[in-house]
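For reference, the structure is listed below as structure tokens.
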């Protein structure tokens, strides 16, 4: 099995957030890899990874980082593959990471999800690679239908909640 999506994080301390992405990819039966690389502590390894990812069969990179959060942008500067940035809440409620990832210079785009939004990053990655895969598109459609059913069920349960002035 060769990975088609790569999950990269600045530190293994980010795994608690990034595990949601890994779980979704696993549920969708999409081969993926997880590695810790640091734009500041292991820049040479980041360069080797980024420049070799496409040749290894990677189609999308999900890169998570907190604080200065340079990892997604550094990777994006070295590859033509889509990079999805996940800002990690480490300091300043994650706003520092969000701004660092989303404010990329022209020509170096990084798709960015919300703070600690690894699940959305994985869904976006699946949407990207599913454009030429009808089976994967069907899995996504079923997943999204399941989300709809959860809300319908939640509303049915809310009907059972009683308050003196609740009108529905």
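Values in this text are rule-based calculations from the coordinates and carry no lab data. Treat the numbers as computed from the prediction; the structure is a model and nothing was measured. With ideal geometry, Cβ positions are generated from the backbone for all residues, glycine too; neighbour counts draw on all protein chains shown.
Side notes on the structure shown:
- Residue tally, condition out of contact with any helix residue (DSSP H, G or I) (no Cβ under 7 Å at 6 or more places or on another chain) and either over 16 Å from residue 9 (Cα atoms) or in contact (Cβ under 8 Å) with a residue 40 or more places away in the chain (or both), over the stretch 72-88: 3
- In this structure, residue 120 does satisfy being under 15 Å from the mean Cα position of the chain (by Cα) and on the phi < 0 side of the Ramachandran plot.
- Given (1) surrounded by 23 or more Cβ atoms within 10 Å (Cβ to Cβ); (2) free of Cβ contacts under 8 Å to residues at least 60 places away in the same chain; (3) within 14 Å of the chain's Cα centre (by Cα), index of the condition residue 33 fails: (1)
- Residues in the stretch 115-132 that are free of Cβ contacts under 8 Å to residues at least 40 places away in the same chain and either assigned to a helix (DSSP H, G or I) or loosely packed, with under 13 Cβ neighbours inside 10 Å (or both): 120, 127, 130, 131, 132.
- Matching residues in the stretch 133-165 - criterion: being outside any helix (DSSP H, G or I) and under 25 Å from residue 85 (Cα atoms): 133
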